[in-house]
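Everything on this sheet refers to the single structure shown next.
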Amino acid sequence: MDLDLIFVAGLVVVVFGIPMLVSAYADRRWPRNAVLMFLLGGGAIFYAIQENPGVYTAGTVDEVIVAVIGRYIN
């Protein structure tokens, strides 16, 4: 599997975990699903960064996202 795709998928999972965390906080319950999503997404991001060091920086994240979307839509 493509490391860029793994990185972007991890970002998407983490971003979708944020509303789950807020919802659990608002309902005063333990955020089990949000924690699971953060662990899975963070693990995917960590794996991609570990396998491809120096490629994913704060300045290149948007370029990687656009490249992955363009590659798999086209």
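The values are calculated or read from the model by the stated rules, or taken from the named source; none is laboratory data. Small disclaimer: the values here were computed from a predicted structure and weren't measured. Don't worry about glycine lacking a Cβ; one is built from the backbone with ideal geometry, like all the others, and counts go over all protein chains shown.
Please verify whether the range 1-20 includes one or more residues that are small (Gly, Ala, Ser), exposed (fewer than 15 other Cβ atoms within 10 Å of the Cβ), part of a helix (DSSP H, G or I) and out of contact with any Phe, Trp or Tyr (no Cβ under 9 Å at 6 or more places or on another chain). There is no residue in the range 1-20 that is small (Gly, Ala, Ser), exposed (fewer than 15 other Cβ atoms within 10 Å of the Cβ), part of a helix (DSSP H, G or I) and out of contact with any Phe, Trp or Tyr (no Cβ under 9 Å at 6 or more places or on another chain). Taking every residue in the range 46-68 that is in contact (Cβ under 8 Å) with a residue 60 or more places away in the chain and pairing it with any residue that is in a helix (DSSP H, G or I) and of a type in the set (Val, Ile, Thr), at least 6 positions away or on another chain, the pairs with Cβ-Cβ distances below 6 Å are 68/8.
For the range 21-41, a residue qualifies if it is surrounded by 15 or more Cβ atoms within 10 Å (Cβ to Cβ), among the hydrophobic types (A, V, I, L, M, F, W, C) and without any contact (Cβ under 8 Å) to a residue 24 or more places away in the chain, and the qualifying residues are 21, 24, 34.
Per-residue answers, yes or no, for (1) within 21 Å of residue 71 (Cα to Cα); (2) at pLDDT below 95; (3) more than 8 Å from the chain's Cα centre (by Cα):
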| residue | (1), (2), (3) |
| --- | --- |
| 14 | no, no, no |
| 28 | no, yes, yes |
| 35 | no, no, yes |
| 42 | no, no, no |
| 54 | no, yes, yes |
